[in-house]
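Structure record follows, encoded as structure tokens.
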């Protein structure tokens, strides 16, 4: 790569937008040329407009960047658009960018279910990137939209993929204990979560019951055939800053021993094509042997926040196997995932 | 009741012991005549020996009570012993009291699985109190041991009972989000739980997978026949002071609509015999219509901490019904439960 | 009191408004006849319009009350108005009510500094209620406005009063550790306070440096002469639900021993006239002997949340005495304080 | 430096011991050759004996290191000993090492007050390292003991030094809001700190009132002459993982404007000799302009946790200046500080 690829971040001042800015700092392939935000912030410097909530400091190059509107004209030097927009805004704006030639790597749920839009975890279903060709044909776009799944499905699907490959997944019970950063900023009021749990996250259960099926599905002529496995999800918010915990019980085509399941997790390899990408998790999965891990505070930064951490694989009295999965919701589960998708797009020469 | 019944609390300085002292303050039937603790505290006043962790102040009568040893001789004025001992100590000590005529109402897990020991939630299986007769016969004791279940099974089993009565429960997936007070004091170090979740509680999953089956079982000549329903449990510790949340998915003998399930919960009545007891929950179950309830901080004190609070009854894509249950772990799930059991014993003239 | 006095709460859906509703439940003198809120909520039932954040359940009588606009016409059956409005709205609206004959008991800071408006803590400066006469004369109002101080000054001023009476207070250093409920709902975002401290609360330091001087001041012909004592304040937000901690170092006219200071605190009596009021703290001040008290979670409900709790009185190497004070910020420091003020107004036949 | 200097960590399994191991990973000058712990852990691998509480993973080289006893014989390959022992053990053990030729860099309070023991913050009082010569002469030791101050005094003293140099400090009021990691592991029980503050930390106030005076003092023939400035301290524990906040009010020889104070902080330079040391903070002090900073979660890792972060410099109504200081208590305030001291010792050829 001789020249860095120019990129823009839209929705740059929110908590996921901030993660984009932080993770794109010193990225080997990409260079941020524009930060876009809502009308309210337009024309302000990023440092002034943004209430930075990350513990890593705001990169110096970002501080004085002047926020531009979220329009194709305003970011025209860029080739890739990282979108941290909320779903309702994403629905209207992302196609504007895709139409005019930008590759939009989106965190929003708006287009995840479209049959010609890839829902990607490169270490799981890198081949689904090929949907971009259908998408361009169908829609006459010169750009495209790529999506990454909701943050709860992310680590879960990586771990399930390792098991599904070997044992054919049939049914999954999922209960999440999700971090506060998943709700953005200002997000969850402190009075709602200190000494408390909120036993529901609006719209999340439907996503967790559907998105893994697309990612574990097979790519065919008519798009992705959903995986046969079915899901039931309960989602909860807990007093954790970053890192979603998922407890899952799984049934397979036939009984699986905990030892075989652990082995499948530990030996899981990403598809060849993604192994050299800058953001590929190193390793894909870490298995913790301790009886009380993974834990969000201790394990979320494993592999720079891109690795899926699994623990407590054991027999399930009703299904076959139970385990606990952790992944970093704003890195692997949001901004880091979108960047990883963009890298795959570049690698496959689909940009 | 003309005369108050004299009672003792053993393990009185721990966090469950403190709840006993607090809940027995101004109890209409019982009067505390002795507080017992470990050798280390013996001879000290309760106020000096005890690091009080409740937000209700220590009752005045308890402050100057001198701690006695945990022996039958030392508490001989009492007729009922409330035991807040850890399981290993309970195993050795509780039979000493039962043998010499005391009715031991225990929180410990040591004897819950014994076939002649009642595992009681009076609003669920008041009739199991009759096991006391077998117990006395088998063991030649003049006293007895009654147990209450672990705090996670408590609210869950109350809610399941309402459904099982009408729809025949077959399978249950359970994931708990448990409060810190369940681990006693000092219990969980703060560095383990601030900005964190601990995805395991030692020994708890086995209890949750077994204890409800005994309580939902039928009393026969040879003790209790375990209910047919089977359980799978994941247990987690979260940063909540009091109140255990349980997410559960249930399969019944035939499909059940959310509306029918809600109806069964709302109309559930305790057995006739327990309705007038001082500690009986009023009402037994509260159903919250809001989409994000029950919550520990807001709902744990419902019915003075004795009521089981249920919410989010909805269809389950794999089984039939999902819901969320909350109960107060040191009141309904521990000290309050033991006192309620003792009231039933008195009511049934088995003291 | 033969007939209950009809009262209204304006700003009834916010967190302080909720405390008013909760504390007025079964009040021996007052009966709520109207709940007012912003236009957005008008016409809805209180249960529907209000996101209840207290752990005590919403009183039944309030659930179905229909919210009315915040205008004198809309609440005309009432005689006293409890105002939980934010300062900017209070500035415009409260005089409207006072003009038309309502006694407004306000939590807002808008009129605290007016020379003819009492800033009241009945156990400290009950005589300042007489300013109401000047206020009515000056302004030609048939009603009036009474104010209570900001929640950080509240407990601090009670404790200082006990010492000032005996030792003449000269200088006070104050650092607060304030609870989240002081910022209302939604208030402080959880991402700002989990594993964190916010070392500033906008406008609070100026209030803490001025308001105690008015309350400790002498009432004269031209209003209150500010007390001579001067203050320096740092204010901080911490991850506590309710209960403000204040660390203070004090200089007096002459050296004071810790023993003398403790004695002054423990023996402090409220003015005769307020001792029988329903909301008067019982006792006014509790002194905790333990080296690590008062603590918010354990001590905030002392005296039903109306008592000021003091601990750690000791010598100060620069001034004379240091101590720690706790008071419940939404009970003694807000809604409970306003109700107490209203009781004093009634008692003094100034309604 | 051609050869790395061999070092040992004693008290290696505790929370400060873990920080030593983490910070010594890839240190340019030092190489860990021994990890020592209590008898209980002796002979176990570090990975097995240690409950790791840091979010950075345990370095690979440490995992399999076998724990040795805390004796000079057991660590004889080392030249420097980093001590994370509690004060009572440090008192007995550290001189054993110093006597036999080891340079002991200690976190414990045991020897901080000894007139021939340097109490060091290299960016403040690097010249005090020369006390080592007196120490060796007095005690006939071939090794030595260096100490760093308690974690609350650390950042405070750095900031005060910048001001004292220019304006002559006279009086300081200090109130701390301290993190949980300062109490070690298991340390503070979670039930004591969730929704709570503990308004006292045993022994800490005395340290904060004395230690800065030694560090700001002048080195003379008879050791260090304490600085004239006097201190008053209140110390509190809050629900923060890492990072101590200190609110301070200061009086100088003459009035100082906030602008001048800010200028002094921002331009402060460490003594020439320490500027090139590997652990020297870069920069020494960061001044945050925002009205609500520094905050522990956002600012504690400034300068890899070695920088002192100051904010909110403003006029004080009683003294001259108020401000807020943050420093990372287990990095700058403990393990990182000891390593920095060791680097100074090497630089000055006093090893």
Of all alpha-carbon pairs in region A:70-164, indicate the percentage at a distance above 22 angstrom.
-> 28 percent
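Counting partner chain Cβ atoms within 10 Å of every residue's Cβ in C:179-188, what's the average?
4
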What fraction, in whole percent, of alpha-carbon pairs in chain C exceed 33 Å separation?
-> 24 percent
Distance from the Cα centre of region C:316-334 to that of region A:312-351, in angstrom?
-> 50 Å
Springs between alpha-carbon atoms under 10 Å, Gaussian network over chain D: tell me which of D:31, D:76, D:222 tops the mean-square fluctuations.
-> D:222
What is the fewest-to-most order of D:280, D:154 by other Cβ atoms lying within 10 Å of their Cβ?
-> D:280, D:154
Evaluate peptide C:56-64: per residue, the Cβ atoms of other protein chains within 10 Å of its Cβ; return the mean as an integer.
-> 1
If R0 = 25 Å, then residue D:64 and residue A:259, at their Cβ-Cβ distance, give a FRET efficiency to the nearest 0.05 of 0.55
Pairwise label distance in nanometres, residue D:219 with residue B:165, each label 7 Å out on the Cα-Cβ vector | 8.2 nm
Over every pair of different alpha-carbon atoms in region D:1-146, take the mean of 1/r and invert it; report that Kirkwood radius in Å.
-> 15.6 Å
Is the protein assembly as shown best put as rounded, prolate or oblate by its Cα gyration tensor, with a ≥ b ≥ c the root eigenvalues, rounded for a/c under 1.5, and otherwise prolate when a/b is larger than b/c, oblate when not?
-> rounded
Given a Förster distance of 25 Å, the FRET efficiency implied by the Cβ-Cβ spacing of residue B:25 and residue C:289, rounded to the nearest 0.05, works out to 0.70
For a label point 7 Å from the Cα of residue B:275 along Cα→C-beta, name the residues of region B:315-351 whose backbone N is under 20 Å from it.
-> B:340-341, B:343-349
Distance in nm between residue B:228 and residue C:266 label points, each 7 Å along Cα→Cβ, equals 6.8 nm
Based on the Cβ-Cβ distance from residue B:87 to residue A:56, what FRET efficiency comes out when R0 is 41 Å, to the nearest 0.05?
-> 0.35
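Roughly what % antiparallel, to the nearest 5, for the DSSP beta bridges in region C:151-328?
Around 65 percent antiparallel, to the nearest 5.
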On a 0 to 90° scale, report how tilted helix D:15-24 is relative to the longest principal axis of chain D, with both axes built from alpha carbons and the result rounded to the nearest 10.
-> 80 degrees
Gyration tensor (Cα only) of region C:151-328 to equivalent ellipsoid, semi-axes in Å sorted down, yields 25, 18, 18
What whole number of Å gives the distance from the Cα centroid of region C:225-287 to the Cα centroid of region D:71-128?
-> 45 Å
For residues of D:314-321, the mean tally of beta carbons on other chains within 10 Å = 4
Against the longest alpha carbon principal axis of chain D, how many degrees, from 0 to 90 and to the nearest 10, is the axis of helix D:204-215 turned?
-> 90 degrees
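Based on DSSP, what percent of beta bridges with both residues in chain B are antiparallel, to the nearest 5?
If we restrict to bridges inside chain B, about 45 percent are antiparallel.
Take every DSSP beta bridge whose two residues both sit in the protein assembly as shown, then give the antiparallel share in percent to the nearest 5.
If I count the DSSP bridges inside the protein assembly as shown, around 45 percent turn out antiparallel.
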Expected 222 nm ellipticity per residue - DSSP helices of 4 or more, -39500 (n - 2.57), all of chain A, to 500 = -8000 deg cm²/dmol
Fewest first, what order do C:330, C:100 take by the number of other Cβ atoms within 10 Å?
-> C:100, C:330
What list do you get for D:308, D:147 if you sort them by fewest beta carbons within 10 Å?
-> D:147, D:308
Give the angle, between 0 and 90 degrees and rounded to the nearest 10, that separates the Cα long axis of helix D:87-99 from the longest principal axis of the Cα atoms of chain D.
-> 60 degrees
Between rounded, prolate and oblate, where does region D:111-233 land on the alpha carbon gyration tensor, with a ≥ b ≥ c its root eigenvalues, rounded for a/c under 1.5, else prolate if a/b exceeds b/c?
-> oblate
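Every number in this text was worked out from the coordinates using simple rules, so none of it is lab data. None of these values were measured; they are calculated from a predicted model. Every residue, glycine among them, receives a Cβ derived from its backbone with ideal geometry; neighbour counts consider all protein chains shown.
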